[in-house]
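Structure record follows, encoded as structure tokens.
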Amino acid sequence: MGFALVGGVQSTKVSFKNSDTVAAARLMGEYEVVVVPANSPYKTLADLVKDIKAKKTALPIAGGNLGGIDHYTAVQMYEAIGLSIKDLNYIVYSGGAQVTTALLNGTAKAGISGWGEFQSQVAAGTLRLLGISSAKKVTGIPTSTFKEQGVDMVSMNWRGLMLPKGTSQADRNLVIRALDVVTHSKSFNDYLVANAAFSNF
């Protein structure tokens, strides 16, 4: 599970609740980034913020599902610059590939997602990275934080495991012990290093 499931349950008003399950562990986190096409007039996050304030809903921002981390980050960003969700023109896509397509064909002017969704396009020079939603600069990701650029906010996606309703305390403890082994393993931590935006709790 992750942030998207928590937000999705709330936004779609389904009959079940995440609290109906048994939480096991939160395993990793991933910060959000804002990107624009390489030929965009926005060279910095400040450039984008200035135009957002001027154009408000006339400036489309692309990201993932409503209630998910991309949407939440967009709302946080607007609130941090003195706007509200009513000023946001948020276009929903199913994933980073669709967000990238929207950016490159001009449907959206900026996109929000995890670094992994845009990393290859930034490396290829088709997208420009404007900022990351971490509290401090992340090694391996070539951009400054939102906070360093005057947008006072931090947001993080996360992933975890939940167990079926009725799982016993003994069985939950068994899963947690297994996860302790995994998260202390060399392969798990090598993966975190290879994926710069990820962090282990």
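One table, with the values for the structure above:
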quantity	calculated
The chain - share of DSSP beta bridges that are antiparallel (%, nearest 5)	75
Of Lys43/Lys137; Lys137/Lys165; Lys13/Lys53; Lys17/Lys147; Lys43/Lys186; Lys17/Lys55, pairs whose Cα-Cα distance is over 28 Å	Lys137/Lys165; Lys13/Lys53; Lys17/Lys147; Lys43/Lys186; Lys17/Lys55
The chain, helix-only ellipticity at 222 nm - DSSP H runs n ≥ 4, -39,500 (n - 2.57), divided by all residues, nearest 500	-11500 deg cm²/dmol
Listed residues Lys43, Lys17, Lys137, most fluctuating in the chain (Gaussian network, C-alpha, under 10 Å)	Lys17
Length released on extending from Lys186 to Leu161, taking residue separation times 0.36 nm less the Cα-Cα span	7.0 nm
Solvent exposure of the chain as accessible area per residue, Å², 1.4 Å probe	52
Percent carbon-and-sulfur accessible area, the chain, ignoring ligands, DNA and RNA, probe 1.4 Å	56
Net charge of Cβ neighbours under 11 Å - reference Ile132; Lys, Arg +1; Asp, Glu -1	0
Length gained when the stretch Ser15-Ala123 is fully extended (0.36 nm per residue, less Cα-Cα span)	34.6 nm
Per-pair calculated FRET efficiency, R0 = 45 Å: Leu179 and Asn39 via Cβ, rounded to 0.05	0.50
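The values are calculated or read from the model by the stated rules, or taken from the named source; none is laboratory data. Remember, predicted model here, so these are calculated numbers, not experimental data. Neighbour counts run over all protein chains shown; Cβ positions are idealised from the backbone, glycine included. In case anyone asks, the SASA skips ligands and DNA or RNA and just uses the protein heavy atoms, side chains included. Shrake-Rupley method; radii C 1.70, N 1.55, O 1.52, S 1.80 Å.
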